[in-house]
Amino acid sequence: MPVLTGAGDLVGMLSEVDVLGGRFTPDRRCLQLPATVREVMSHQVITADVATELSDLVDHMWRHRHRCMPVVFQGRLVGVVTRTDLVRTMVSQGVFAS
């Protein structure tokens, strides 16, 4: 999930791993659990531009094991591409046809 400022600037991503981290028994050495999105989100966000070649996007997501990628146009978030989107597109284009 993209995390935006009030002005719409992309400042982080909140992933399934970030959220599920709080679902397990906390380490006894941990004095305080995170209370805000800012405390658990990934601050270094890798994005794709709307003009990024699909093959480059797939390659990057595969190599880095990303499940989704924020898409920007002129520095502004315009969408998110997921693995499901990619598979759906490949199936509709007959990539998996026998």
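Could you figure out which of (1) under 14 Å from L10 (Cβ atoms); (2) surrounded by fewer than 10 Cβ atoms within 10 Å (Cβ to Cβ) isn't true of A48?
It is condition (2) that A48 fails.
Please report, ordered by residue number, the helices (runs of 4 or more DSSP H) entirely within region 23-98 with at least 1 residues that are modelled with pLDDT of 90 or more and under 29 Å from T5 (Cα atoms). Spell out how you get there, then give the answer.
Details: elements: 37-40, 54-64, 83-92.
Helices (runs of 4 or more DSSP H) meeting the threshold: 54-64, 83-92.
The values are calculated or read from the model by the stated rules, or taken from the named source; none is laboratory data. Predicted model only: the values in this text are computed from it and were never measured. In this analysis, Cβ positions are derived from the backbone assuming ideal geometry, glycine residues included, and neighbour counts consider all displayed protein chains.
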